[in-house]
1. In this structure, does Gly128 turn out to be away from the ligand (no atom under 16 Å from the Cβ) and not in a helix (DSSP H, G or I)?
2. State yes or no: is Gly254 within 21 Å of the chain's Cα centre (by Cα) and at pLDDT below 95?
3. Do we have any residue at all in the range 122-132 that's over 14 Å from Lys75 (Cβ atoms), in contact with a Ser or Thr (Cβ under 9 Å, 6 or more places away or on another chain) and at pLDDT 95 or above?
4. Sort out which residues of the range 146-191 are more than 23 Å from Asn85 (Cβ to Cβ) and in a loop (DSSP other than H, G, I, E, B), and write them in order of number.
5. Does Pro166 meet the test of being more than 20 Å from Asn72 (Cβ to Cβ), within 16 Å of the ligand (Cβ to nearest atom) and not acidic (Asp, Glu)?
6. Which condition from (1) buried (at least 18 other Cβ atoms within 10 Å of the Cβ); (2) within 16 Å of the ligand (Cβ to nearest atom) is the one that Leu176 breaks?
7. Among the listed residues Asn54, Asn85, which satisfies the condition of being at pLDDT 95 or above and within 16 Å of the ligand (Cβ to nearest atom)?
8. For Leu342, state whether it is buried (at least 21 other Cβ atoms within 10 Å of the Cβ) and either more than 26 Å from Thr109 (Cα to Cα) or modelled with pLDDT of 95 or more (or both).
Amino acid sequence: MTVDRRAMILGGAALALTSGSARLDAMSTPSLAALARAKGIRFGSTMGGSNFANPAYRTLNAAQCGLVVPENAMKWVALRPDARNFDFRAADAIVAWARRAGLGVRGHTLLWQFERWMPEWTRTHDYGANPKAEAARLLVAHIDTVVRRYAPAVDSFDVVNEAVDPDTGLLHETALSKHLGAEATIDLAFHTARAAAPRAQLVYNDFMSWQSYDGRHRDAVLRLLEGLVKRGTPVTALGVQSHLGSKYSEAPTGLGALDETAWRRFLDEVTGMGLDLLVTELDVHDNPLPSAVGPRDRQVAAHTRAYLDLMLSYPQCRTVMCWGLSDRYSWLQELRPRPDGLPKRPLPYDAAFAPKPMRDAIAAAFAAAAPRKATFA
Ligand code: 9MR
């Protein structure tokens with residue numbers, strides 16, 4: 001079924017389920033997915049938790065996306081109640097829905113190399129007399145089980161997420177890597193994923209950015225990738241999370257002091273290693289922008305457009321994912337609230353699912369992008 005035909009059918013479904021803007025948008029064509037696809041690019045977003053329970057939101061996603069990534073449901077904390085068992089219910093439900101809707105699925109994340117986001121039991125687990133072997137067994141069993149369950153429906157996995165400390169440039173340790181060594185843990189994760197999914201795209205995913213303060217993070221990620229490639233570890237792409245805006249959220253520098261030259265040099269080095277690029281988690285952290293919605297939305301849109309134009313100037317960039325479609329469901333609302341207390345507007349649709357200028361900016365960036373050879377069906 002073509003994307004536009006699907007959007008029409010889904011638009012009809014939305015008519016019965018919702019009113020107003022969600023209906024209008026689900027009907028609006030061409031969809032972002034269709035605009036992207038015309039250039040050999042896959043466009044998608046996250047799904048999971050309360051937003052997945054909202055039929056109008058599912059409809060919006062199915063109409064506008066070609067790809068979905070479970071926001072939390074494939075993380076260790078969601079899949080692993082303990083060392084022995086798996087709970088696939090939430091991830092299965094998203095994957096089943098995606099397949100019914102004709103969407104591709106990305107997997108996030110087979111290993112979060114950051115202690116805080118791994119389950120508590122990995123810290124209290126009895127690693128026995130040979131802790132190294134036990135850590136390796138746990139890691140391999142986890143990745144092998146998850147990848148075999150979801151490939152080939154999932155054809156692109158974030159194998160390792162956020163392994164680098166952006167301040168020190170050193171690799172993070174976790175309860176697992178403490179026994180194996182961080183580098184060996186990361187290698188083992190990629191090799192295990194490759195053995196279980198011989199054709200999948202295998203991604204290292206991180207939040208280094210074009211902010212001028214991010215040089216140490218960029219350098220550390222380059223060193224990590226160089227090491228992986230040199231050792232023959234099967235990484236095939238870098239996921240550039242793209243949570244845009246300064247982490248110094250109240251800084252008077254607008255969305256940040258950007259170093260485009262350093263960013264291009266970074267992306268040149270990554271692609272020079274033969275790796276593809278993905279925009280995996282796009283949103284705009286709008287704290288320093290004006291309270292008034294009009295100017296704020298315009299700045300968010302202009303920033304998004306400039307960023308996507310730069311990213312899509314790389315023919316190796318064939319995937320663009322937003323970290324949510326609607327402001328209503330952005331992680332930023334609670335975790336990084338605005339100082340004026342107003343709701344944040346980081347995503348292409350507003351809280352009532354009406355399209356915003358950021359949606360136009362994404363559409364325009366796809367329309368302006370040079371066509372590239374699609375690597376996925
Ligand atoms: O959006 C996610 C939020 O709901 C979770 O509470 C949080 C911790 O699991 O993770 C958020 O997603 C993160 C992603 O997994 C990795 N990159 C940063 C994202 C935003 O924090």
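1. Working: away from the ligand (no atom under 16 Å from the Cβ): yes; not in a helix (DSSP H, G or I): yes.
In short, yes.
2. Working: within 21 Å of the chain's Cα centre (by Cα): no; at pLDDT below 95: yes.
Spelling it out, it is not the case that Gly254 is within 21 Å of the chain's Cα centre (by Cα) and at pLDDT below 95.
3. Step one: list which residues in the range 122-132 are over 14 Å from Lys75 (Cβ atoms), which gives 123-132.
Imposing the further condition that a residue be in contact with a Ser or Thr (Cβ under 9 Å, 6 or more places away or on another chain) reduces the set to 123.
Applying the additional criterion that residues be at pLDDT 95 or above yields 123.
Yes, that holds for at least one residue.
4. Pro152, Glu162, Ala163, Asp165, Pro166, Asp167, Thr168, Gly169, Leu170, His172, Glu173, Gly181
5. On the way: more than 20 Å from Asn72 (Cβ to Cβ): yes; within 16 Å of the ligand (Cβ to nearest atom): yes; not acidic (Asp, Glu): yes.
It is true that Pro166 is more than 20 Å from Asn72 (Cβ to Cβ), within 16 Å of the ligand (Cβ to nearest atom) and not acidic (Asp, Glu).
6. (2)
7. Values: Asn85 fails: within 16 Å of the ligand (Cβ to nearest atom).
Among Asn54, Asn85, only Asn54 is at pLDDT 95 or above and within 16 Å of the ligand (Cβ to nearest atom).
8. Values: buried (at least 21 other Cβ atoms within 10 Å of the Cβ): no; either more than 26 Å from Thr109 (Cα to Cα) or modelled with pLDDT of 95 or more (or both): yes.
Judged against the criteria, Leu342 is not a match.
The values are calculated or read from the model by the stated rules, or taken from the named source; none is laboratory data. Bear in mind the structure is a predicted one, so any value in this text is a computation, not a measurement. Neighbour counts are summed over all protein chains in view; Cβ atoms, including those assigned to glycine, are modelled from backbone coordinates with ideal geometry.
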